[in-house]
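The values are calculated or read from the model by the stated rules, or taken from the named source; none is laboratory data. Worth saying up front: this structure is predicted, and the values here are computed from it rather than measured. Positions of Cβ are generated from backbone atoms using ideal geometry, with glycine treated the same way; all protein chains shown enter the neighbour counts. Keep in mind that these areas ignore ligands, DNA and RNA; they rest on the heavy atoms of the full protein, side chains included. Shrake-Rupley method; radii C 1.70, N 1.55, O 1.52, S 1.80 Å.
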Amino acid sequence: MATSLARDLMTDEEWAFFEHFILATRAPNGRKPANHRLVLDGVFWIARTGSPWRDLPEEFGKWSSVYRQFRRWTLTGLWEDILDALNQSGTVPDALQMVDSTVIRAHHPLPGRALRRQCPEREAAGAKRGTPRQGFGRSRGGFTTKIHLRVNAHGLPMRTEITPGQTSGYLGFDLVMADNLPEPKVLLADRGYDADRIWKTMDERDILTQIPMRKTRKMRVGVDHRLYRLRNMVERCFNKLKNARRVATRYDKTAESFLGFIDITSIRLWLRHLST
């Protein structure tokens, strides 16, 4: 157990980074801050293992307290603020960027009494049918959510958003291509993003778009294949994100909590890259 817990503990350098943002988020009830470093380590453990909140090791404190603090930070937009700060820092080149999406299965609920013993955030498939507001939908994979991702040339997440699983990739394009982030000079995407609206929007923003065209296109424009091969960076980013089991499978009923775990995992990818 000790070895497993050690995998999630922050280094002093990593905590020094998070501490600046956490202390800037004041508690709504005016209470004196608790041991936020230990709480954050507990959140990291949940993210990596995908375990129910009730299974949080007691070394991290009371599970309900860690859960409530995680929800407070999430609802105040802490994780988005940290990602925005990393993107605006200029520490990683952003002239080349990529977008893509992936489908995530929602976890099926446990039956009867076993389900009631779990934290209400735990069982995603227990949510009411037809709740696109929470990012749930029906696709070939069943009850699913789609993650839309924008990454830079180092394969680091710049923006993450979620939609119901049946949503087409280009409909989530606008969500991740918000103009409050550094603009790319070149944008890579797969054939699923070949839409007139996307081509027009990127042209207006003076962004060179490298997207293979659909076979039904009469007027065709080729792509630079040497440049397009770099698109594997976004695929590799998805693989790294899915090393966190709380991201690889959706356990959370609310969109905010699930997106929070995606952003937390994204931030840790940034910090590991910058530390090297």
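Free of Cβ contacts under 8 Å to residues at least 40 places away in the same chain, acidic (Asp, Glu) and surrounded by fewer than 17 Cβ atoms within 10 Å (Cβ to Cβ): is that true of Asp206 in this structure? Don't jump to the end; show me each part of the working.
Numbers: free of Cβ contacts under 8 Å to residues at least 40 places away in the same chain: yes; acidic (Asp, Glu): yes; surrounded by fewer than 17 Cβ atoms within 10 Å (Cβ to Cβ): yes.
Yes: the conditions hold for Asp206.
Out of Asn232, Asn243, one residue alone is on the phi < 0 side of the Ramachandran plot, open to solvent by 70 Å² or more (accessible area, probe 1.4 Å) and either among the polar types (S, T, N, Q) or out of contact with any Asp or Glu (no Cβ under 6 Å at 6 or more places or on another chain) (or both). It is Asn243. Taking each residue of segment 33-55 that is at positive phi and looking for partners that are at pLDDT 95 or above and open to solvent by 60 Å² or more (accessible area, probe 1.4 Å) with beta-carbon atoms closer than 6 Å, six or more apart or interchain, yields Gly50/Arg245.
Determine whether segment 217-237 contains at least one residue that is of a type outside the set (Gly, Ala, Ser) and assigned to a strand (DSSP E or B).
Checked against the condition, which is being of a type outside the set (Gly, Ala, Ser) and assigned to a strand (DSSP E or B), segment 217-237 yields no hits at all.
For segment 209-229, which positions are surrounded by 14 or more Cβ atoms within 10 Å (Cβ to Cβ) and touching a helix residue (DSSP H, G or I) at 6+ places or on another chain (Cβ under 8 Å)? Walk me through it before giving the result.
Looking only at segment 209-229, we keep the residues that are surrounded by 14 or more Cβ atoms within 10 Å (Cβ to Cβ), and these are 209-213, 223, 228.
Of everything in segment 209-229, those that are surrounded by 14 or more Cβ atoms within 10 Å (Cβ to Cβ) and touching a helix residue (DSSP H, G or I) at 6+ places or on another chain (Cβ under 8 Å) turn out to be Thr209, Gln210, Ile211, Pro212, Met213.
Residues in segment 156-168: is at least one within 29 Å of Lys253 (Cα to Cα), open to solvent by 30 Å² or more (accessible area, probe 1.4 Å) and among the aliphatic types (A, V, I, L, M)? Step through it out loud before you land on a result.
Going through segment 156-168, the residues within 29 Å of Lys253 (Cα to Cα) turn out to be 156-168.
Still in the running and open to solvent by 30 Å² or more (accessible area, probe 1.4 Å): 159, 161, 166, 168.
Then keep just the ones that are among the aliphatic types (A, V, I, L, M); that gives none.
No.
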